[in-house]
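Taking it in order: structure first as structure tokens, then the write-up.
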């Protein structure tokens with residue numbers, strides 16, 4: 001991919017301006033942040049609001065990693081149903097985490113509204129669609145638990161789902177009215193703009209090479225100079241490299257690919273007429289949404305095989321669109337891309353304290369918009385004296401997943417096989 005070629009539809013279509021600035025040289029700050037995505041920029045914004053001098057180091061450009069390649073669903077909670085979260089974390093911790101992430105879309109939307117971030121926001125909910133009768137049964141359990149917690153979700157039968165989706169291919173669905181959709185790159189660039197306006201600094205095209213602690217302060221050596229800071233936040237998630245030993249081995253890296261059609265105009269008006277984003281209950285997850293310009297964005301787990309106008313992935317996408325929306329007819333694709341997801345063994349994120357003053361939230365399992373935003377705020381709170389007990393999750397000891405490289409390859413083989421099977 002060339003430097004001028006968009007890395008995703010969102011990169012090409014975001015209304016918020018990109019921000020690029022070379023590293024000026026050696027600097028001293030309160031907090032140094034590695035990674036210019038949701039986590040890093042939220043941390044910078046909230047640190048700056050609390051009076052800390054924060055500097056973000058981004059190796060490529062704003063939103064280059066998973067943030068600018070996201071599906072753009074602003075979902076409440078995580079993949080796991082709330083009862084499973086409590087089972088794994090314990091009643092007290094699990095309940096607090098479920099509440100925090102349940103309120104996360106509202107907080108993201110408040111940031112967007114207060115700061116007039118241009119990111120094609122919708123607040124009409126998202127649809128978790130049942131791909132099978134067993135998938136619908138799972139949604140019944142989730143709905144029952146969310147209702148017990150007093151949350152605004154609605155279970156749809158097959159006919160109701162068909163009307164809301166514009167397709168009779170699903171067995172029902174769960175509408176979460178707390179949720180919505182955005183252009184994720186627009187949101188990311190907007191966070192950068194607001195962080196800068198609050199006094200944070202951002203450098204792009206600068207790579208962090210090494211970390212060293214001396215006399216109670218951290219020094220990050222980059223390819224363009226050094227940053228000295230009291231604290232460091234690594235906000236690299238699935239794009240973590242070797243800056244801190246073993247960190248990238250704490251999760252299994254998987255890919256998620258997407259293709260976007262050219263604008264379809266009135267021909268697509270019957271598809272997701274209220275513009276909810278959709279993902280399904282299948283083990284190999286599938287997603288589809290209609291953006292503000294009437295493009296369909298369709299995706300699933302795996303990498304792009306081929307390019308937007310030819311190859312396996314575009315054949316898969318054509319087949320799925322024809323299956324779901326047969327009246328639409330042939331479509332052309334405008335963009336094709338994939339990104340990386342950090343998947344943990346229990347599908348729960350982590351907050352690691354790697355050393356005194358060195359932290360990383362990581363392992364978002366595909367929920368970067370809300371989790372990254374909330375965890376960034378939490379890091380700023382922690383660095384300004386908030387009790388560690390107030391974090392969304394307890395700090396845990398770094399634990400590597402020994403099977404991660406093998407499992408990553410295995411998953412990729414399965415995902416490619418799924419594309420082949422569903423292209424026939």
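What do you get for the angle between helix 184-197 and the principal long axis of the chain? Use alpha-carbon atoms, 0 to 90 degrees, nearest ten.
That helix lies at roughly 30 degrees to the long axis.
Helix-derived [θ] at 222 nm for the chain: sum -39500 (n - 2.57) over DSSP H runs of at least 4, divide by residue count, nearest 500? Walk me through the numbers before you get to the answer.
Working: 11 runs with 133 residues, N = 424.
Here the helix-only value at 222 nm equals -10000 deg cm²/dmol.
May I ask you to list the residues of segment 324-346 whose amide nitrogen lies under 18 Å from a point 7 Å from Cα along the Cα→beta-carbon direction of residue 285?
337-346
Hey, what angle do you get for helix 104-114 against the long axis of the chain, alpha-carbon based, 0 to 90 degrees rounded to 10?
70 degrees
Can you order the peptides 300-308, 177-185, 40-48, 150-158 by their average number of other Cβ atoms within 10 Å per residue, highest first? Walk me through the numbers before you get to the answer.
Numbers: 300-308: 19.7, 177-185: 25.6, 40-48: 29.6, 150-158: 16.3.
Per-residue Cβ counts within 10 Å, averaged per peptide and sorted highest first, yield 40-48, 177-185, 300-308, 150-158.
Test of understanding: what is the full-extension gain from residue 137 to residue 20, defined as 0.36 nm times their sequence separation minus their Cα-Cα distance?
Answer, rounded to one decimal: 37.3 nm.
Considering only the chain, what is the antiparallel percent among its DSSP beta bridges, to the nearest 5? Intermediate results must be reported in sequence, preceding the final value.
Values: 50 of 72 bridges.
Once the DSSP bridges in the chain are tallied, antiparallel ones form about 70 percent.
Explain nothing, just the number: relative contact order of the chain, from Cα pairs under 8 Å at least 6 residues apart, as a whole percent.
Working: 967 pairs, mean separation 97.3, N = 424.
Reported as a whole number, the value is 23 percent.
Along the three principal axes, how long is segment 274-351 when you take its alpha carbons, biggest first, rounded to the nearest angstrom?
Taking the Cα atoms of segment 274-351, the three principal extents are 45, 32, 23 Å.
How long is the chain along each principal axis, judged by its Cα atoms, biggest number first, in Å?
Principal axes ranked by extent give 66, 49, 44 Å for the Cα atoms.
Rounded to whole Å and sorted largest first, what semi-axes of the equivalent ellipsoid does the C-alpha gyration tensor of segment 265-424 yield via the square root of 5 times each eigenvalue? Can you show the working numbers first?
Values: eigenvalues 275, 86, 27 Å².
Here the semi-axes work out to 37, 21, 12 Å.
With just the Cα atoms defining each centre, how far is segment 379-408 from segment 182-243? Give it in Å.
18 Å
Any chance you could give the angle, 0 to 90 degrees and rounded to 10, that helix 133-148 forms with the longest Cα principal axis of the chain?
The angle comes out at about 50 degrees.
Residue 395 label point, 7 Å along Cα→Cβ, cut-off 15 Å on backbone N: hits in segment 343-364?
Label zone hits: 350-362.
Values quoted throughout were computed directly from the atomic coordinates according to the rules given, and no laboratory measurement underlies them. None of these values were measured; they are calculated from a predicted model. So basically every Cβ, Gly included, is an ideal-geometry build from the backbone, and we count neighbours across all protein chains shown.
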